[in-house]
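To keep things clear, I will list the structure first and then write my remarks on it.
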Amino acid sequence: MPSPTQVVALLKAQNIRHVRLYDADRAMLHALANTGIRVTVSVPNEQLLGIGQSNATAANWVARNVIAHVPATNITAIAVGSEILTTLPNAAPVLVSALKFIHSALVASNLDGQIKVSTPQSSSIILDSFPPSQAFFNRSWDPVMVPLLKFLQSTGSYFMLNVYPYYDYMQSNGVIPLDYALFRPLPPNKEAVDANTLLHYTNVFDAIVDAAYFSMSYLNFTKIPIFVTESGWPSKGDSSEPDATLDNANTYNSNLIRHVLNNTGTPKHPGIVVSTYIYELYNEDSRPGPVSEKNWGLFDANGMPVYTLHLTGAGTLLANDTTNQTFCVAKEGADPKMLQAALDWACGPGKVDCSFLLQGQPCYEPDNVVAHSTYAFNAYFQKMAKSPGTCDFKGVATITTSDPSHGSCIFPGSAGRNGTFPNTTSLAPSSNSSTSGCHSVYFYGQTLFPVVQCQMVLLHMFL
């Protein structure tokens, strides 16, 4: 992973104006000094019990990790723990005390006006999440949730929520359509309708966020905004995770960013932006668990882009590949019959110029379905401006940053085709729901503010 100095250089180069750290790493905070970048620091879960049981311990934490760095480092929020109710339930009884003690320390230093205090929660604490109007928090957590919401409301803070449509889709046993999880357009008869409110839901993300709003309303809290602290889609999985693919990750994150940048809001609160962090900046090769757990990043551990995000619908092109060189190729091991059918479609209804594949033309050799379909898939992908969902071909295609051009066969989108690259905005790396990782990006309204976090912190894209 890059050093704090390298991370900050990247943030500045990308005009990233917000960053989230999963701890309060001193070197990272020093590196962020005098940059103007808005920083969220975090109290790691393992420190929560001590802080929640001692006002003095909380004051010392704030002194070391906040007061010592402001105003040079622009700290604007503190995330106290992460998913405590579901991952560290024995600490739940002191969670609100920890928030109050941290806030009191900020008040004593006259910093409570500029620094908000909250705690990220898993969306799994919401029961019966559809229809959203009938959702409610797990009642066993009422002794924590009610005082927590009172604290957030009284201090003008926000409810931090981690939202992962990927997991909702995976655990639905086929009930949730993939397109519904990925923000892909649905015909009106396929949209989910809340029978109580008649609100139409076109994606899982909005349904979960509104379920949280309704859950707070159920406890008589209606003025607390929601801040999505984690969301994303893995780009690779094992045999039991067939939908963790590059194309799906690209589609989900691109559509999520577009959804937020367009000020869409949710059906319950249209036009009210739901600020969101995308999980994550870097892949984590050493992370335990399924293959997907290692592959939520926009960059690999060496800083190479995993895929490119395209936001043409939002008036912006955001690419984590500074050359914008990404290609669509035939997936390794794909069924030759499916490849042939997809090739026929691309060269027919897809209106791709396949003349380069004719005998005697530059891309005729090697004369096999894999090579020919790769050329046709990529030609279609480039023709469609690399829009999300245009490199799938019923699952036999995938996105790569390796130029498939060979010899005199120069693929569309290759620097060799015209010697130039399109103008792009490159994006930095990020991480998931853990206490290691590196960076994030933040979007609000029509302005792009990538966010970062590193050095055993966690980074997300904040939208």
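Hey, what D do you get for the range 1-129 in µm²/s if you plug the Kirkwood alpha-carbon radius into Stokes-Einstein at 37 °C and 0.692 mPa s?
My calculation gives 215 µm²/s for D.
Find the accessible area per residue for the range 93-198; the probe is 1.4 Å, ligands and nucleic acids are left out, and the unit is Å².
Details: 4830 Å² over 106 residues.
The answer is 46 Å² per residue.
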Area accessible to solvent at PHE411, 1.4 Å probe radius, in Å²: 10 Å²
Cross-link partners among lysines for LYS383, C-alpha distance below 28 Å, same-chain residues fewer than 8 apart left out? LYS236, LYS331, LYS337, LYS351, LYS394
How compact is the range 159-201 by the rule of thumb for globular proteins, expressed as Cα Rg over 2.2 N^0.38 Å? 1.29
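Restricting things to alpha carbons, find the Rg to Rh ratio for the range 74-167 using the Kirkwood radius for Rh. Write down the numbers at each step before the final one.
On the way: Rg = 14.1 Å, Rh = 14.2 Å.
A ratio of 0.99.
The values are calculated or read from the model by the stated rules, or taken from the named source; none is laboratory data. Computed from a predicted structure; not experimentally measured. Heavy atoms of the whole protein, side chains included, go into the accessibility calculation; ligands, DNA and RNA do not. Shrake-Rupley method; radii C 1.70, N 1.55, O 1.52, S 1.80 Å.
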